[in-house]
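S.K.: Please read through the structure below; I'll follow up with questions.
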Amino acid sequence: MATSADAKPIASPATTDAAIVFDAVHKRFGRLEVLKGISGSVAPGDVVVICGPSGSGKSTLLRCINRLDTIDSGQVYVYGQAVHDPKTNVNQLRAQIIMVFQQFHLFPHLTVLDNITLAPQKVKGVSRGEAEKTAHALLERVGIPDKAGVYPGQLSGGQQQRVAIARGLAMSPRIMLFDEPTSALDPEMINEVLDVIRGLARDGMTMVVVTHEMGFAREVASRVMFMDGGVVVEEAPPADFFARPQQERTRQFLSKILTH
Amino acid sequence: MLQATPTALAGGGAPPPFGTAVLANLPFLLSGMLATVQLALLALVLALALGVVFAILRSVPVRPLRFVGTAYVEFVRNTPLLVQTFFAYFGLPTVGVRLPAFTAAFLALGVYTGAFVTEAIRSGILAVDRGQSEAARSLGMSFGQGMRYVVLPQAIAATVPPLGNLSIALFKNTSLASSIAVAELLYNAQIINSRTFATYEIYGFVGLCYLVFTLPMGALVGLLERRLTRYR
């Protein structure tokens, strides 16, 4: 993803083969401008890690990709489709872009199995039998095959987040967005969730991950993006990003989070 | 008792023993009870239906629809049920709508209680974490699907205790139908009272009749609450 400072001109975002294109995205909450013209792109199969201090706009940028947040100017394209165009069928679009939240947001009144099978049945018209088959396979894949019949409240945080990932995968998404997926977890549960995300990366899933897990970024990301104050300060492959940060602000940030 | 009973008025010896007025008129009182229960059930169904619909209207991100919901709640809950009952029975015929007394009472009671149900369910919707509807929407569900499968089931579970209160209030409010001569429990009791003047006995019995239904309703609500929130 190019920074706004040295953005390559995007000839026609609708015709590039990028998975996600940001075209001068501006967003404000009242008088506070949280995104100050973000441009760049994510290629299919990329794993882009976004880091930065709180309030830097990273979660907002993520939420603009599936229109959970609206934008004030510019455009976001997902496989050529203009996300913030009022003519775009936002439900169809969201079915292909799954968001995994910091607080999981599983449906507490439904069993794990029903959490996973609800959207495929209601949104994609998959039969119950088919959806349940897929769900069991996905629970196997995220390592909790024996939890289909329980309610989310009976699971640990790490297990809940893995169910949330399975729930997303059940929609066969083309893109997965992770909004600080491990920030609400006990330390010993972080890895079980990161392992699942590593597996998705190996399978070539296009992902944008907002996280402070720098070890994970170093190992899994194809590119790391550092945001501060509503702009992309620096963006580079992880090897360069951690070894040779170009911007003073990036160096400050990294020295604070890597030394403890 | 000091009141004169018909026999006393007739000058014929001691008043009949306590309970005679009720026992002699039991079938008549029970038929009133039946009408009360029918009125309550029908009005409850109407109130719940109106409550769900208007609570959703008050929650949609479309201003004119929200306005409709707010207007309903504010007009209906801020005027007395008795006025609405009279309006339905005596007022509507002026504009050509002539309703049987039972129907007018049922409509007034259902519409009136529906306004309170709307607010109870709306509070339930507000109590459901916003992340729930965001999660539903981010999976591709429409606003309606998110409401139906994700938000409302949780909202209604949270709303059961206040809905229980409203159901009990509704059951007791059926007595206002007596004011437009619906032959429900209180109306029938008044007829017997005017014949026998056994006030103490008759209204005591009527009060008990309401209790027989309202007390179990409270218990039922508790049971329903535990069932609907099993997952917690």
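S.K.: Give me the dipole magnitude in Debye, nearest 20, for region B:24-230 about the Cα centre, with unit charges on the beta carbon: positive for Lys and Arg, negative for Asp and Glu.
M.R.: Dipole of region B:24-230, to the nearest 20 debye: 460 debye.
S.K.: Note down the relative contact order for region B:24-230 as a percent, whole number, built from C-alpha pairs under 8 angstrom at least six residues apart.
M.R.: RCO, region B:24-230: 28 percent.
S.K.: Taking Cα pairs under 8 Å and at least six residues apart, what relative contact order does chain A come out at, in percent?
M.R.: 26 percent
S.K.: Return the equivalent ellipsoid semi-axes of the protein assembly as shown as a descending list in whole Å, where each equals the square root of 5 times an eigenvalue of the C-alpha gyration tensor.
M.R.: 64, 24, 18
S.K.: Name the long-range amide H neighbours of residue A:50: under 5 Å, sequence gap of 5 or more, or other chain; modelled H, no Pro or chain starts.
M.R.: A:209, A:210, A:211, A:225
S.K.: Using Cα-only point scatterers and the Debye equation, what is log10 of I(q)/I(0) for region A:15-130 at each q in 0.09 Å⁻¹, rounded to two decimals?
M.R.: -0.30
S.K.: Please work out the C-alpha center-to-center distance from region A:121-149 to region B:43-96 and express it in whole Å.
M.R.: Comparing the Cα centres of region A:121-149 and region B:43-96, I get a distance of 43 Å.
S.K.: Still on this model: In terms of the Cα gyration tensor, with a ≥ b ≥ c the square roots of its eigenvalues, is region A:188-260 rounded because a/c is under 1.5, prolate because a/b exceeds b/c, or oblate?
M.R.: Because a/c hits 1.5 or more and a/b exceeds b/c, region A:188-260 counts as prolate.
S.K.: Now, a different point. For region A:26-31, just list the computed ³J(HN,Hα) in residue order, Karplus coefficients 6.51, -1.76 and 1.60, θ = phi - 60°, integers in Hz, with x standing in for Gly and Pro.
M.R.: 10, 8, 10, 9, x, 8
S.K.: Modelling each spin label as a point 7 Å along the Cα-to-Cβ direction, I'd like the residue A:72/residue A:124 distance in nm, to one decimal.
M.R.: 3.8 nm
S.K.: Given +1 on the Cβ of Lys and Arg, -1 on the Cβ of Asp and Glu, and no further charges, what dipole in debye does the protein assembly as shown carry about its Cα centre, rounded to the nearest 20?
M.R.: Charge dipole of the protein assembly as shown: 780 debye, to the nearest 20.
S.K.: Another question about this same structure. Taking R0 as 41 Å, what FRET efficiency do you get between residue B:67 and residue A:243 from their Cβ-Cβ distance, rounded to the nearest 0.05?
M.R.: The formula returns an efficiency of 0.10 here.
S.K.: A further question follows. Give me the compactness ratio for region A:113-260, meaning the Cα radius of gyration over 2.2 N^0.38 Å.
M.R.: 1.20
S.K.: Also, quick follow-up: Pull up all non-local amide H partners of residue A:232: gap of 5 or more, or a different chain, and H-to-H distance under 5 Å with H placed in the peptide plane.
M.R.: Result for residue A:232 returns A:4.
S.K.: Would you compute, from DSSP H runs of 4+ residues alone, the mean residue ellipticity of chain A at 222 nm, taking -39500 (n - 2.57) per run and dividing by the full residue count, rounded to the nearest 500?
M.R.: Helix-only estimate at 222 nm: -10500 deg cm²/dmol.
S.K.: Oh, and also: Relative contact order of region A:62-170, please, whole-number percent, based on alpha carbon pairs below 8 angstrom and at least 6 residues apart.
M.R.: 27 percent
S.K.: Which of B:75, A:216 comes first, and how do the rest follow, when ranked by fewest Cβ neighbours within 10 Å?
M.R.: B:75, A:216
S.K.: First measure r as the distance between the Cβ atoms of residue B:79 and residue A:156, then evaluate 1/(1 + (r/R0)^6) with R0 = 56 Å and state the FRET efficiency to the nearest 0.05.
M.R.: It comes out at approximately 0.60.
S.K.: For region B:1-139, what are the per-bin percents of Cα-Cα distances with bins 5 Å wide, up to the bin holding the maximum?
M.R.: For region B:1-139, the binned pair fractions read 2, 9, 12, 13, 13, 10, 9, 8, 7, 6, 4, 3, 2, 1, 1, 0, 0 percent.
S.K.: Now for a separate question. Across the protein assembly as shown, how many lysine pairs, 8 or more apart or on two chains, come within less than 27 Å at their alpha-carbon atoms?
M.R.: Number of lysine pairs found: 18.
S.K.: To continue, here is another question. Could you work out which residue, out of B:135, B:35, B:169, moves most in a Gaussian network model of chain B, that is, has the largest mean-square fluctuation with Cα springs under 10 Å?
M.R.: Result: B:135 has the largest fluctuation of those listed.
S.K.: Collect residues whose amide H, placed 1.01 Å from N in the peptide plane, falls under 5 Å from the amide H of residue A:25; neighbours closer than 5 in sequence don't count.
M.R.: Hits under the 5 Å cutoff: A:37, A:38, A:39, A:75.
S.K.: Report, to the nearest 10°, how far helix A:128-141 tilts away from the longest principal axis of the Cα atoms in chain A, using its own Cα long axis and a range of 0 to 90°.
M.R.: 60 degrees
S.K.: Could you derive backbone 3J(HN,Hα) for region B:62-68 from the dihedral phi with the Karplus parameters 6.51, -1.76 and 1.60 (θ = phi - 60°), listing whole Hz in sequence and x where the residue is Gly or Pro?
M.R.: Rounded to whole hertz, the list is 10, 4, x, 5, 4, 4, 4.
S.K.: Please list the equivalent ellipsoid semi-axes of region B:24-230, computed as the square roots of five times the alpha-carbon gyration tensor eigenvalues, in descending order and whole angstrom.
M.R.: 37, 21, 11
S.K.: Quick one: work out Rg over Rh on the C-alpha atoms of region A:29-83, Rh as Kirkwood radius.
M.R.: 0.95
S.K.: Provide, as a two-decimal number, the C-alpha radius of gyration of chain A over 2.2 N^0.38 Å, N being how many residues it has.
M.R.: Computed over Cα atoms of chain A, the ratio equals 1.01.
S.K.: Explain nothing, just compute: Karplus ³J(HN,Hα) = 6.51 cos²θ - 1.76 cosθ + 1.60, θ = phi - 60°, for every residue of region B:198-205 in order, whole Hz, x for Gly and Pro.
M.R.: 7, 3, 4, 5, 5, 6, x, 5
Laboratory data are not the source of any read-out in this text; all were calculated from the coordinates shown. Remember, predicted model here, so these are calculated numbers, not experimental data. So basically every Cβ, Gly included, is an ideal-geometry build from the backbone, and we count neighbours across all protein chains shown.
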